[in-house]
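What follows is one structure encoded as structure tokens, with my remarks underneath.
The values are calculated or read from the model by the stated rules, or taken from the named source; none is laboratory data. Because the structure is predicted, anything quoted here is derived from the model rather than measured. Counting neighbours? That spans all protein chains shown, and the Cβs are built from the backbone with ideal geometry, glycine included. SASA here: full protein model, heavy atoms, side chains in, ligands and nucleic acids out. Shrake-Rupley method; radii C 1.70, N 1.55, O 1.52, S 1.80 Å.
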Amino acid sequence: MRKKTVLRLVLAAAGVTALVLGLVQGQYGETLSKAVYLCLECVGLG
């Protein structure tokens, strides 16, 4: 395989690993609440 392909696979695997670890630790709720708050601030409702 070419170097670019290997690098892309490694980065994709690291991203999936980080996503799974975040879900397992329950951090999705905090991230979602921050995202909603930020969205409401941008619209001018928060």
**Request:** Take the stretch 10-37 and flag every residue that is open to solvent by 100 Å² or more (accessible area, probe 1.4 Å) and out of contact with any helix residue (DSSP H, G or I) (no Cβ under 7 Å at 6 or more places or on another chain).
**Result:** 11, 19, 24, 25, 30, 32, 34, 37
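So which of 32, 11, 38 is modelled with pLDDT of 90 or more, assigned to a helix (DSSP H, G or I) and not aromatic (Phe, Trp, Tyr)? Break it down stepwise before answering.
Details: 32 fails: modelled with pLDDT of 90 or more; 38 fails: modelled with pLDDT of 90 or more.
One residue alone meets the criteria, 11.
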